[in-house]
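Step one of this worksheet: look at the structure below.
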């Protein structure tokens, strides 16, 4: 099958339970908001292909599958990720404080050069706000990570957040390619198993008979 | 935070080893309400992979906790390199102004440089390979769990013959290239292997019915194979020793041959970042279908009671909370003794070793991924499985290799395995930059593990005990056992049906009962951009 994209980026959503990771994912991938997604059942990742400076960039965005609830994210979740959205809820102080723990978790498990971005979600709920925008900005400066406040419900900044992250990954990747003159999209990872065998099993037998 | 953990589940799984994780995924996949716990703070139990820091913690934990020593004992770690480099603090760049364009000098590793790059290590407690057409590969593909994992092909199979390492010809190209086997031998070999591949189960049993009490070696000798060929087939392909029963040897050969030609030059695959990733892939699927995960959660007591409707309920006390379930699936190492019936028979334990070296055991143009089946050195010894993995597998930093030794215990891990280590590594320490024939061993770890791989029955029908890792090369026994346990819990249900791709999940607006799965007619891999 012909490739319908120029780049494939694996992105992750990380943050405490209930901060709106799945809502952000659905806002971005389906342009929908449904408050009935209380926990994340059956959703592995979502795909959306965007256009960046004339290149088709396929974003594969992975959800935690609820494994963040008791801090039980698998190390396998982080493998091969190129960008991570760290999400907290501006109406939940604890979720903001935990961003530091999640960053530590990322440093432990993700690749060292993964692009990160902090999102303060639910910024539509001004009356319930516990974390000011300034504190979010301050944290982002401290870790030298980009920051934006979002509302998945009102569709505020979700789109631009993903575009920003994707653009940063693309820039980093193209810079690397220039330096190493690697072919585009070359990955150092392994192979995924597919159903179609690369060679027919019978070919071994026929090869035997050649002798 | 633990307090919002629900208390009632259809299935509770304790332990995140391979068997437990497959059962958890299978139950969750068909809609069972699953809680998955582990007493440890990481996934995998004895099947885990550790980075270098995690491994140090594991070693400390084993050495200080007598309960742990029931599973892992005779643990001995040794360094063959300096703690810190003497000149490191001095300006490093000034050293070699001359050979700027020459061959890069071999890096000198220190214990500190291992520690600095600890994250780049993924060291397996239970390193295993997958047969390309084995049950685990088929299951990963049919269940769509393959999307969580990546693999590398084992690039070569080696054997030890006439006191040196020799490549075992696997593909036609190998057979033609090899000078170790003469042309007449090649014909003989191919004729016999082709007939083995051709047999189905019945024909095989028929053909070999007179060989039931004879060894595979006797059969190969009877077929007129030369000693060289007998060595290749028996030791390298069947992975057996002189005492291997004939039928078993034939079956092992067939398994090897059937897996050739699917993914690479050899029949084997190695999971990227180590075997410890695989249980986690099944856990992810379990979670995606609603399974609840909680690590660091030891259990204290397991009891059964009869509910009002006459059903048996298993209750578990954990951190002053009582959890209820219809079925408990529990790893043998977490299982209270009184639930096991009868006590498993004493079995032969496993001797293991891990080595970190500064080069491959046999030089190669491209980074190799090697299986070596080392024949027994004496009649009392067992064959040793040797796996060598490099940086491309995510197992270690550039410039290093991780080598695993696995065998059935005779005396203890070090006595069983050191003689072989000395044959293929330079164990003397010293100058790492010296151009030695054998790679330098920089670090080693020897240990014994209790063999808990025999299936164990429980005293209660609704408690299912999962075995621990075996000494075998593959995961086949784990997959088989997981399926059996699943069928007991969910009779008549499909074992890990294919999980839909995200593109196939269609959300209807304003449904409150959650997403419905629907197969779209279009190609699942379609990449239609939204807009």
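Name the residue, out of B:474, B:527, B:521, that is surrounded by 15 or more Cβ atoms within 10 Å (Cβ to Cβ), in a loop (DSSP other than H, G, I, E, B) and either more than 8 Å from chain A (Cβ to nearest Cβ) or at pLDDT 85 or above (or both). Talk me through it step by step, then tell me what you get.
Details: B:527 fails: either more than 8 Å from chain A (Cβ to nearest Cβ) or at pLDDT 85 or above (or both); B:521 fails: surrounded by 15 or more Cβ atoms within 10 Å (Cβ to Cβ).
Selected residue: B:474, the only one of B:474, B:527, B:521 that is surrounded by 15 or more Cβ atoms within 10 Å (Cβ to Cβ), in a loop (DSSP other than H, G, I, E, B) and either more than 8 Å from chain A (Cβ to nearest Cβ) or at pLDDT 85 or above (or both).
Give B:387, B:339 a once-over and let me know the one that is out of contact with any helix residue (DSSP H, G or I) (no Cβ under 7 Å at 6 or more places or on another chain) and under 25 Å from residue B:412 (Cβ atoms).
Result of the check over B:387, B:339: B:387.
Quick check: is even one residue across the range B:148-161 surrounded by fewer than 18 Cβ atoms within 10 Å (Cβ to Cβ) and either over 18 Å from the mean Cα position of the chain (by Cα) or in the same structural domain as residue B:373 (by TED's automatic domain parsing) (or both)?
Scanning the range B:148-161, I find at least one residue that is surrounded by fewer than 18 Cβ atoms within 10 Å (Cβ to Cβ) and either over 18 Å from the mean Cα position of the chain (by Cα) or in the same structural domain as residue B:373 (by TED's automatic domain parsing) (or both), so the answer is yes.
Answer yes or no as to whether residue A:103 is closer than 16 Å to residue A:15 by Cβ, part of a strand (DSSP E or B), touching a strand residue (DSSP E or B) at 6+ places or on another chain (Cβ under 8 Å) and at pLDDT 95 or above.
no
Residues in the range B:142-156: is at least one within 30 Å of residue B:219 (Cβ to Cβ) and at the interface with chain A (Cβ under 10 Å from one of its Cβ atoms)?
No, every residue in the range B:142-156 fails to be within 30 Å of residue B:219 (Cβ to Cβ) and at the interface with chain A (Cβ under 10 Å from one of its Cβ atoms).
Quick one: count up the residues across the range B:222-247 that are assigned to a helix (DSSP H, G or I) and surrounded by 14 or more Cβ atoms within 10 Å (Cβ to Cβ).
Adding up the residues that qualify gives 12.
If you take the residues in the range B:395-432 that are in contact with a helix residue (DSSP H, G or I) (Cβ under 7 Å, 6 or more places away or on another chain) and within 22 Å of residue B:47 (Cβ to Cβ), which one is surrounded by the most Cβ atoms within 10 Å (Cβ to Cβ)?
Residue satisfying both the conditions and the ranking: B:405.
So residue A:97 ticks every box in (1) more than 11 Å from chain B (Cβ to nearest Cβ); (2) in contact (Cβ under 8 Å) with a residue 12 or more places away in the chain; (3) at negative phi but one. Which box is left unticked?
Condition (2) is where residue A:97 drops out.
Of the residues that make up the range B:276-292, is at least one in a strand (DSSP E or B), surrounded by fewer than 24 Cβ atoms within 10 Å (Cβ to Cβ) and over 20 Å from the mean Cα position of the chain (by Cα)?
Looking through the range B:276-292, at least one residue is in a strand (DSSP E or B), surrounded by fewer than 24 Cβ atoms within 10 Å (Cβ to Cβ) and over 20 Å from the mean Cα position of the chain (by Cα).
Among B:4, B:53, which is the only one that is touching a residue at least 12 places away in the same chain (Cβ under 8 Å), surrounded by fewer than 15 Cβ atoms within 10 Å (Cβ to Cβ) and out of contact with any strand residue (DSSP E or B) (no Cβ under 9 Å at 6 or more places or on another chain)?
Only one candidate passes the filter, namely B:53.
Does residue A:112 satisfy the condition of being surrounded by 22 or more Cβ atoms within 10 Å (Cβ to Cβ), under 18 Å from the mean Cα position of the chain (by Cα) and within 9 Å of chain B (Cβ to nearest Cβ)?
The answer is no for residue A:112.
Here is a yes/no grid of residues against (1) more than 8 Å from chain B (Cβ to nearest Cβ); (2) surrounded by fewer than 22 Cβ atoms within 10 Å (Cβ to Cβ); (3) modelled with pLDDT of 85 or more:
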| site | (1), (2), (3) |
| --- | --- |
| A:16 | yes, no, yes |
| A:36 | no, yes, no |
| A:42 | no, yes, no |
| A:52 | yes, yes, yes |
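Evaluate the following for residue B:17: is it closer than 20 Å to residue B:270 by Cβ, more than 12 Å from chain A (Cβ to nearest Cβ), in contact (Cβ under 8 Å) with a residue 24 or more places away in the chain and in contact with a strand residue (DSSP E or B) (Cβ under 8 Å, 6 or more places away or on another chain)?
yes
Every residue in the range B:255-279 that is within 25 Å of residue B:398 (Cβ to Cβ) and at the interface with chain A (Cβ under 7 Å from one of its Cβ atoms), please.
Selection gives B:263, B:272, B:273, B:277.
Among B:356, B:316, B:299, which is farther than 22 Å from residue B:478 by Cα, surrounded by 17 or more Cβ atoms within 10 Å (Cβ to Cβ), in contact with a strand residue (DSSP E or B) (Cβ under 8 Å, 6 or more places away or on another chain) and in the same structural domain as residue B:383 (by TED's automatic domain parsing)?
B:356
Rundown of residues vs (1) within 12 Å of chain A (Cβ to nearest Cβ); (2) modelled with pLDDT of 95 or more, yes/no style:
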residue: B:140; (1), (2): yes, yes
residue: B:171; (1), (2): yes, no
residue: B:180; (1), (2): no, no
residue: B:186; (1), (2): yes, no
residue: B:202; (1), (2): no, no
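The values are calculated or read from the model by the stated rules, or taken from the named source; none is laboratory data. On a predicted model such as this, the values are computed, not experimentally measured, just so you know. Using ideal geometry, Cβ is built from the backbone for each residue, glycine included, and neighbour counts are taken over all protein chains shown.
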